[in-house]
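Readers should treat all values here as calculations from the given coordinates under stated rules, not as data from a laboratory. Only a predicted model underlies this, so the values are computations on that prediction, with no experimental measurement involved. A quick note on method: Cβ atoms are made from the backbone with ideal geometry, for glycine too, and the neighbour counts reach across all protein chains shown.
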């Protein structure tokens with residue numbers, strides 16, 4: 001069987017998509033962990049049990065390396081009645097910023 005250029009490019013594109021998807025799932029899990037830990041540390045409760053994807057962009061790190069910067073939103077409550085919103089900014093697989101209302 002001969003491998004054509006079209007099939008080779010399709011395999012490369014599919015591999016790139018799988019790697020991107022795997023990276024995104026890892027970042028989301030770390031964002032979920034950070035949201036849970038932040039809620040526990042502030043005496044709050046994480047509502048809906050997960051974060052929601054907000055945005056993604058490509059940014060350059062201090063060393064010149066490109067990485068994805070993803071923003072996730074989550075809702076929490078401190079008093080059991082009022083929903084408040086927080087956000088988590090991930091730089092690659094690392095939590096960069098956590099913000100609460």
extent check for the chain: Cα max minus min per principal axis, descending, whole Å, gives 65, 32, 17
When the chain is treated as a Gaussian network with springs between alpha carbons less than 10 Å apart, the largest mean-square fluctuation among 34, 13, 24 is found at 13
Square roots of five times the C-alpha gyration tensor eigenvalues of segment 1-43, ordered largest first and given in whole Å, equal 41, 5, 4
In a Gaussian network model of the chain with springs linking alpha carbons closer than 10 Å, the residue among 16, 64, 49 that fluctuates most is 64
For 9, 46, 100, ascending order of other Cβ atoms within 10 Å (fewest first) is 9, 100, 46
Fewest-first ordering of 65, 28 by Cβ atoms within 10 Å yields 65, 28
Placing each pseudo-label 7 Å from Cα in the direction of the beta carbon, residue 11 and residue 84 end up separated by a distance in nanometres of 5.3
Neighbour-count ranking for 97, 38 (other C-beta within 10 angstrom, fewest to most) reads 97, 38
